[in-house]
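Below you'll find the structure, written out as C-alpha cells, and then a few comments.
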Amino acid sequence: MSLEEPAAEYRQRLAQRKADLAHAMARERIYGHVRLTVFLTGATLAWLFAGPKLLSPAWLILPLLGFIVLMVGHSRTTRRREVLERAVSFYQEGLDRLAGTWPGRGDGGRRFSDPEHPYARDLDLFGPDSLFALLNVTRTRTGEERLAGWLLSAAEPHVVRARQAAVEELRSKLDLREDLAVLGADLAASVDTETLAEWSRAPTVLTEPRLPWVAGFCSLFTVSMIVAWFVPAISTGGIPLLTALALQTVVARVYRGRASTVIARVSHPAEELEVLATLLARFEAEQFESPLLVSLRERLITESRPPSERIASLGRLREMLDSRRNQLFAPVAAVLMWGTQFAAAIERWRSRYGAAVPVWLETVAQLESLSALAGYAYEHPGDPFPELVEKGPRFEGQGLGHPLLHSGCVDNDVRLNTDQALWIVSGSNMSGKSTFLRTIGVNAVLAQAGGPVRANRLTMSALAIGATLRVEDSLHKGASRFYAEISRLRSLVSIADESPPALLFLLDEILHGTNSHDRLIGAEAVVRGLLERGAIGLVTTHDLALSKIADELSPRAANVHFADHLENGEIRFDYLVREGVVRKSNALELMRSIGLKV
C-alpha cells in the first residue's frame, strides 16, 4: 500500500462525513425552530388557562409532552453533529499528517518533557513538532499518559511483540479507530487520571438505605397535595399542601450538605467516564485475534453487565440530575426532591462500581495507545515492524529515515553490534550528523514502543537509550553547558552499569566545551568506559583529532562521515554516510555565505 492509498481513503471518507455533517446541522436547525414553536404554543395555552380561564389545564399536557420529545430528539441530533465534526477533524488531520503540514498544532504533550530524562528532549519526543504530536490521537488523559510512557520507557521484547501484533490487527480496522477517536464528549483529555481514581475510591457520604423511601414518600405526598389543590372535586385546601411542603423542606435540609458534596464532585468524573463508556462499548463489540487485544477485552467482560453499560447508567443519572437546571422543569424537580434522590443514586453507583474504574482507565489507555500506533502504521504502509532479537547488543538498520521528515529525507544504513560497537561520525556543519543520531534514536524509541519504524529493515536487541544532543546550561542551577554535558555523561555511564539491557549512546559533539587536548583524553576515556560496559553507539565531532579514537579501538570502532561540496558558489549536502574521516571543513564558506568577511 502506498501513501496515496490511505490518502485516497481519507479523502473519500472526509467528503462523506462533511455531507453527513451538513445534513445533521440542517436537522438541528429544524428541531430548534419546532421547539420554539411548541414552546410559544404552550405559553399561549398556559395564559389562556391562567388568565381568561378559557381552557382546562389538560390542554398543557400535549405541548409539554411534545416539547420533551423534541428536546430528546434535538439532543440526539446535536450529539450526532458533534461526532461528525470530530470525524471531519479526524480525517482532515490524517490528510495533514500525510501531506506533512501537521506540525505546530497543540503543545504535543510538552508536559511530559523532562530535561533530566536521558533522551526525551534530545530526540524531540514532545512539543508541537514532536514524535508524540505526530502519533497522538488519544481522547483521554490516561491515553496520553500511557502513550507518552511507552515513548519514555522501552518495553521488554515479549511486550513489544505483543503490541506489534495488536497494532498490526488494528492497522486495518479504520472504522474502529475512527470510532475510538470521535465517540463520546469532546473533553480534550481534560480530567486528571488521579482525580478520577480518587473520586472512585473516596468514602461514600449519601448511601443511607432509608433515604430513597423517605424522599419518595415526601415527593409523593407533595404531588398528591398539589393535584388535590388543583382539582376542585377533591380539594383539601391549602393547609395539607403547606404541611407537605414543610415536611419536604425539612427532609431536604437534612441531606442538603451531603447531596451538594456528591453533586459537586461528580460532574467532571462523570464526563470522563462518559467518554470511557462509548469507547468501551465500541471495544466490547469488536472481535479480535491478537493475544493482547483479546486479553484486554476479556479483562472487561468479566461480569454480567459490561463496563460500558455500567458507566452509561451513571451518565443517565447525571443527565437526569442536570435536568433540574432546565427552567421549565426546575419547579417540578424541586417538588420531587430531584437533586437529593439522584445524588443518592449516584453514590450508590459509586459504592458498587468505583473499585473497577482504575481497571477501565488502564484498559482504555492501552487501547488508545495501540490505536495511535496503528494509525501511524496505516499512514506509513511501507514502514516495517522491527525484528527484536535476544542476543545483543545489536542495532542494524537498512534505509533508516527520520519519521518527522516528510520530504527530502535521505535514508542511511547503520550497523552496530558486539563486533563493531562504535561509530565516530565526522562532518562539516549542517551536513546531517545530529539528524543522523536523532534518526537512530527515534526509530529505536518507536521500535521499543511497539510501532513500525522508518526503515527498509531494522534488527535490534533490547536497548536502553541515552543521548547528549540537546544538553543545555542552566543559569538557575549555576551549571555551564560543559558541566551539564558531563553530568549527563555520568548518568549514561550509570545506565550502562545497570544493564541489561545494553546502552545505545548517541553523543553529539562530545565535550566540545573544552580545549582539544582535554577533549581528546576525556572523550576517549568516556567512550572506552561505555564500550567496556557493553554499550554501543555513535559519537559526532568536528574535531578530527577524535577520529583517532576509532583507530585506537579498531576493529570495534570505525570512522564514518558526512560530506559536502560547492556547486555554483553554494554549499550542497547529500546527507549520505560514507566510510572514513571527513577531509574538509565548510565553516569558512558558511561564514562567507552570510556576508562575514573572513
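The values are calculated or read from the model by the stated rules, or taken from the named source; none is laboratory data. Everything quoted here is computed from the prediction, not taken from an experiment. Please note: Cβ atoms are built from the backbone with ideal geometry, for glycine as well, and neighbour counts cover all protein chains shown. Quick note on the areas: whole protein, heavy atoms, side chains included, nothing else; ligands and nucleic acids left out. Shrake-Rupley method; radii C 1.70, N 1.55, O 1.52, S 1.80 Å.
Points to keep in mind about this one:
- Qualifying residue in region 512-522 (condition: modelled with pLDDT under 95, under 30 Å from residue 564 (Cβ atoms) and either surrounded by 24 or more Cβ atoms within 10 Å (Cβ to Cβ) or aliphatic (A, V, I, L, M) (or both)): yes
- Pairs are defined by a Cβ separation below 6 Å, a sequence spacing of at least 6 or placement on different chains, a first member in region 129-146 that is in a helix (DSSP H, G or I), and a second member that is at pLDDT 90 or above and charged (D, E, K, R); the pairs so defined are 143/368.
- Scanning region 72-128 for residues that are loosely packed, with under 14 Cβ neighbours inside 10 Å and of a type in the set (A, V, I, L, M, F, W, C), we see that the one that is nearest to residue 153 (Cα to Cα) is 99.
- Residues in region 316-348 that are modelled with pLDDT of 80 or more and surrounded by fewer than 18 Cβ atoms within 10 Å (Cβ to Cβ): 316, 348.
- Residue that is modelled with the lowest pLDDT [pool: residues in region 16-38 that are open to solvent by 60 Å² or more (accessible area, probe 1.4 Å) and either among the polar types (S, T, N, Q) or under 16 Å from residue 93 (Cβ atoms) (or both)]: 37
- Tally, over region 145-162, of residues that are under 17 Å from the mean Cα position of the chain (by Cα) and within 19 Å of residue 377 (Cβ to Cβ): 5
- Only one of the listed residues (536, 549, 571) is open to solvent by less than 20 Å² (accessible area, probe 1.4 Å) and in contact with an Asp or Glu (Cβ under 8 Å, 6 or more places away or on another chain). That residue is 549.
- Flag if residue 113 is of a type in the set (S, T, N, Q) and more than 28 Å from residue 11 (Cβ to Cβ): yes
- Candidates in region 290-310 are the residues that are more than 19 Å from residue 369 (Cβ to Cβ) and more than 21 Å from the chain's Cα centre (by Cα); of these, the one that is least open to solvent (accessible area, probe 1.4 Å) is 310.
- Qualifying strands (runs of 3 or more DSSP E) (wholly inside region 375-449; at least 1 residues being under 19 Å from residue 500 (Cβ atoms) and open to solvent by 40 Å² or more (accessible area, probe 1.4 Å)): 387-389
- Boolean, residue 148 is farther than 28 Å from residue 75 by Cβ, modelled with pLDDT of 95 or more and open to solvent by less than 40 Å² (accessible area, probe 1.4 Å): yes
- Considering the conditions (1) within 28 Å of residue 454 (Cα to Cα); (2) open to solvent by 60 Å² or more (accessible area, probe 1.4 Å); (3) modelled with pLDDT under 90, residue 137 is excluded by exactly one of them, (2).
- Checking each residue in region 156-176 for being outside any helix (DSSP H, G or I) and over 28 Å from residue 285 (Cβ atoms) picks out only 156.
- Residue count, region 171-193 (criterion: of a type in the set (D, E, K, R), open to solvent by 20 Å² or more (accessible area, probe 1.4 Å) and modelled with pLDDT of 70 or more): 4
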